[in-house]
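Report on one structure; see the data block that follows.
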Amino acid sequence: MIAALRPHRLTVLFALTTGLTACGLPSRLVPPPDPPSQVLRLDSQTNLLEGSLRRGAVTAVITHRVTTKADGVQVLQPQLTVTVDGRVVGSLAGAEKHGGLSPSSLFQIVELDSGNPYPEVLLSSFTGGAHCCNATSVLSSDRTGRRWQQVNLGPFDGDLKPATDPLKTGTFLVEGVDNRFHYQFSSYAGSAPPPRLWQLQGMRFEDVTHQPQYVPLHRQRFQEMVRWFRQVSPDQEVNGFLAGYVATAALVGEFPAAWQTLLARYDRRSDWGLRQCFAGYDDQGGCRAPELVYPDFPSALAAFLVQTGYLSAPKR
């Protein structure tokens with residue numbers, strides 16, 4: 001049998017059985033490095049109710065707790081436990097999902113903060129329903145690695161949100177959209193919010209949407225919106241789309257031209273978003289102080305873009 005092997009195959013066989021390489025040096029079985037991110041989804045596709053991930057000393061285990069409310073509705077809630085070398089360092093409870101026992105969550109071990117000795121553990125879970133809500137939370141250690149804390153982000157509209165590395169630089173972010181644009185100038189279906197990005201910095205998430213290194217991401221979104229804009233018909237809720245279009249243009253330095261497009265295309269018949277209550281609402285839904293009423297959509301949008309940080313306030 002051995003005689004039938006070719007010489008180079010004999011060399012490989014000898015190296016495997018003796019631990020020597022073809023050059024006579026000891027071979028080392030080096031384990032592959034841990035991937036920068038490990039994600040496990042538990043949803044209607046996987047239909048998993050429990051699972052675990054491990055990276056180095058950190059292990060995360062997820063289960064789901066089922067409870068029945070007084071009205072008979074069943075509630076499913078993910079429960080995540082994190083250990084380091086077998087010692088429990090923290091836990092996370094996800095959003096309660098009402099109605100049915102189909103899970104809708106994911107968890108992830110990912111390096112979100114290089115300033116501490118361990119990767120972070122992220123849990124993203126969805127309540128169910130038409131639009132709301134996704135809740136994201138993270139367990140992260142301090143600089144010593146001895147104390148772990150929970151950092152919350154959300155709840156937000158949208159699907160499950162793992163952290164991603166959109167620029168392929170090793171910096172992981174949570175990507176979403178700016179939920180402040182939903183319903184502001186149109187219905188939910190007519191809204192087109194710009195992207196929004198969050199980065200874990202210490203024990204809080206910072207909004208890094210406007211940082212210059214992310215302009216390529218916003219430009220990609222803006223180019224998509226330009227293509228969509230060509231398909232928008234006059235009978236659609238164009239103002240909601242225009243609000244997101246102009247805000248995204250501001251992120252990529254295209255605001256002046258986009259604003260001129262808005263002035264030519266906006267729906268002058270719509271009064272959606274022309275009234276704002278800055279004092280908050282009482283129990284009957286009335287504004288606690290006189291509302292501010294804008295004369296038209298461009299005026300209301302300009303003020304909104306200043307409030308949300310897309311435009312600078314005019315100098316007085």
Worksheet item: Of all accessible surface on segment 168-308 at a 1.4 Å probe, what whole percent is carbon and sulfur?
Response: 50
Item to complete: Kindly write out, for segment 104-114 in residue order, the coupling ³J(HN,Hα) from the Karplus curve 6.51 cos²θ - 1.76 cosθ + 1.60 (θ = phi - 60°), rounded to whole Hz, with x marking Gly and Pro.
Response: 8, 7, 8, 9, 8, 9, 8, 7, 9, 9, 6
Fill in: Value of [θ]222 nm, deg cm²/dmol, for the chain, DSSP H segments ≥ 4, -39500 (n - 2.57) each, nearest 500
-6500 deg cm²/dmol
Discussion item. Just to confirm the filter: which trypsin sites (Lys or Arg not before Pro) across segment 211-241 are DSSP coil and have at most 13 other Cβ within 10 angstrom of their Cβ?
Written reply: R230
Discussion item. Nearest 10 degrees is fine. How inclined is helix 238-251 to the longest principal axis of the chain, computing both from alpha carbons?
Written reply: 60
Discussion item. Could you tell me how far the Cα centroid of segment 125-190 sits from the Cα centroid of segment 191-237, in Å?
Written reply: 14
Practice prompt. Can you tell me the order of 35-43, 291-299, 188-196 when each peptide is scored by its average per-residue count of other Cβ atoms within 10 angstrom, highest first?
Written response: 188-196, 35-43, 291-299
Discussion item. Between segment 32-74 and segment 261-303, how far is it from one alpha carbon centroid to the other, in angstrom?
Written reply: 43
Worksheet item: If you plug each phi of segment 86-97 into the Karplus form 6.51 cos²θ - 1.76 cosθ + 1.60 with θ = phi - 60°, what whole-Hz ³J(HN,Hα) values come out, in order, with x for Gly and Pro?
Response: x, 9, 5, 10, x, 8, 10, 10, x, 5, 7, 9
Discussion item. For the chain, take the longest principal axis of its alpha carbons; what is the angle in degrees between that and the long axis of helix 7-18, to the nearest 10 within 0 to 90?
Written reply: 90
Response to the item:
Any chymotrypsin sites (Phe, Trp or Tyr not before Pro) in segment 149-183 that lie in a DSSP loop and have at most 16 other Cβ atoms within 10 Å would be Y183
Practice prompt. Calculate, for the chain, the solvent-accessible area per residue in square angstrom, rolling a 1.4 angstrom probe over the heavy atoms of the protein chains.
Written response: 56
Worksheet item: Relative to the longest principal axis of the chain, what angle (0 to 90°, nearest 10) does the C-alpha long axis of helix 255-265 take?
Response: 50
Item to complete: Would you check the accessible area of S52, probe 1.4 Å, heavy atoms only, in square angstrom rounded to 10?
Response: 70
Worksheet item: Using θ = phi - 60° and the Karplus curve 6.51 cos²θ - 1.76 cosθ + 1.60, what whole-Hz ³J(HN,Hα) does each residue of segment 285-302 get, with Gly and Pro shown as x?
Response: x, x, 6, 6, 9, x, 5, 8, 10, 8, x, 7, 4, x, 5, 5, 5, 4
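The values are calculated or read from the model by the stated rules, or taken from the named source; none is laboratory data. Quick caveat: nothing in here was measured; it's all calculated off a predicted structure. As a convention, Cβ positions derive from the backbone with ideal geometry for all residues, glycine included, and neighbour counts pool all protein chains shown. Note: accessible area is taken over every heavy atom of the protein model, side chains too, but ligands, DNA and RNA are not part of it. Shrake-Rupley method; radii C 1.70, N 1.55, O 1.52, S 1.80 Å.
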